[in-house]
Amino acid sequence: RTKVWIAINVDIDNNGLLVFPKSHRQDKFSYDVIDIDGKLKPRIVCPPPLSSSFLVPTNSSDAIIFDDLLLHGGSPNNSYSPRISFEFTCLHN
């Protein structure tokens, strides 16, 4: 599976896509599910330290393509504008 993340409205160096480099090459992480404001969300049981993450430098309209197993997520928004992005997964054989 391949993930595509497209920046619609981001502020470079202040918000965007946060990744954990090479995490897709490690053993699979185990997940549990937690309830956040009535919505079930996955949570990694033993996540890597946030200090090992990397904020991908992106401008609005940039697209990032990566392995679906790479740990990733939205970074804390240190900007005054909202972060808007679009993400989808491609399934292939």
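The values are calculated or read from the model by the stated rules, or taken from the named source; none is laboratory data. Just so you know, these numbers come straight off a predicted model, no measurement behind them. As a convention, Cβ positions derive from the backbone with ideal geometry for all residues, glycine included, and neighbour counts pool all protein chains shown. Heads up: the accessible areas ignore ligands, DNA and RNA and are worked out on the full protein's heavy atoms, side chains in. Shrake-Rupley method; radii C 1.70, N 1.55, O 1.52, S 1.80 Å.
Around the amide H of ASP68, modelled in the peptide plane, lie the amide H atoms of THR2, LYS3, all under 5 Å away and 5 or more residues distant in sequence or on another chain.
On a per residue basis, the stretch 20-88 carries 76 Å² of accessible surface, using protein heavy atoms and a 1.4 Å probe. What label, among [x] 12.3, 35; [y] 14.6, 48; [z] 13.9, 42, belongs to Rg and Dmax of the Cα atoms in Å computed from the structure on display? The listed entry that was calculated here is [z].
Expressed as a whole percent, the accessible surface of the chain that belongs to carbon and sulfur atoms is 55, based on a 1.4 Å probe. Modelled spin-label separation between LEU69 and VAL4, with each label point placed 7 Å from Cα along the Cα-to-Cβ direction: 2.3 nm. Among the chymotrypsin sites (Phe, Trp or Tyr not before Pro) found in the stretch 20-93, those both in a DSSP coil and sparsely packed, with 10 or fewer other Cβ atoms within 10 Å of their Cβ, are TYR80. The trypsin sites (Lys or Arg not before Pro) found in the stretch 1-61 that occupy coil by DSSP, while having at most 15 further C-beta atoms within 10 Å, are ARG1, LYS22, LYS28. Charges on Cβ only, +1 for Lys and Arg, -1 for Asp and Glu, centred on the Cα centroid of the chain; of GLY16, THR2, VAL56, which one is farthest towards the dipole's positive end? Selected residue: THR2.
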